[in-house]
Amino acid sequence: MRRLLLLVALIAAQPLFADSNLPPAFWANRQLPDPREEAQAQALMEQLRCLVCQGQSIADSDAELAGDMRDLVRRRISHAPATSNASGASHSGQAAGSPVGL
């Protein structure tokens, strides 16, 4: 009987152990210093959907995965070359890294 009670208690406590003890990603809740880049990041984050929150944008989500995604968006935009946009497509419309002619 005690083993069954212990098993039920462990199963009930499992969601408590699901959270990560890692600190949030650096750019998850910080803004980029360049207002133009931050506006571009915000616009993109409003379009991307959180996989955890079932359709909520990563800009609005509190999920840890959404924070990691916000960090990646801001890093990519802040390090993007001036001749390309955040999606990786050049001004000619050809996606970066895709074979020519497709």
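Bear in mind these aren't lab numbers, they're just calculated from the coordinates by the rules spelled out. If you're wondering where the values come from, they're calculated on a predicted model, not measured in any experiment. Virtual Cβ from ideal backbone geometry, glycine too; neighbours counted across all protein chains shown.
Candidates in the range 24-44 are the residues that are surrounded by 14 or more Cβ atoms within 10 Å (Cβ to Cβ) and in a loop (DSSP other than H, G, I, E, B); of these, the one that is farthest from the chain's Cα centre (by Cα) is Leu32.
Restricting attention to the range 23-76, the residues that are free of Cβ contacts under 8 Å to residues at least 40 places away in the same chain and of a type in the set (Asp, Glu) total 4.
Restricting the search to the range 45-56, which residues are outside any helix (DSSP H, G or I) and surrounded by 18 or more Cβ atoms within 10 Å (Cβ to Cβ)?
Initial filter on the range 45-56 (outside any helix (DSSP H, G or I)): 48-56.
Cys50, the sole residue that qualifies.
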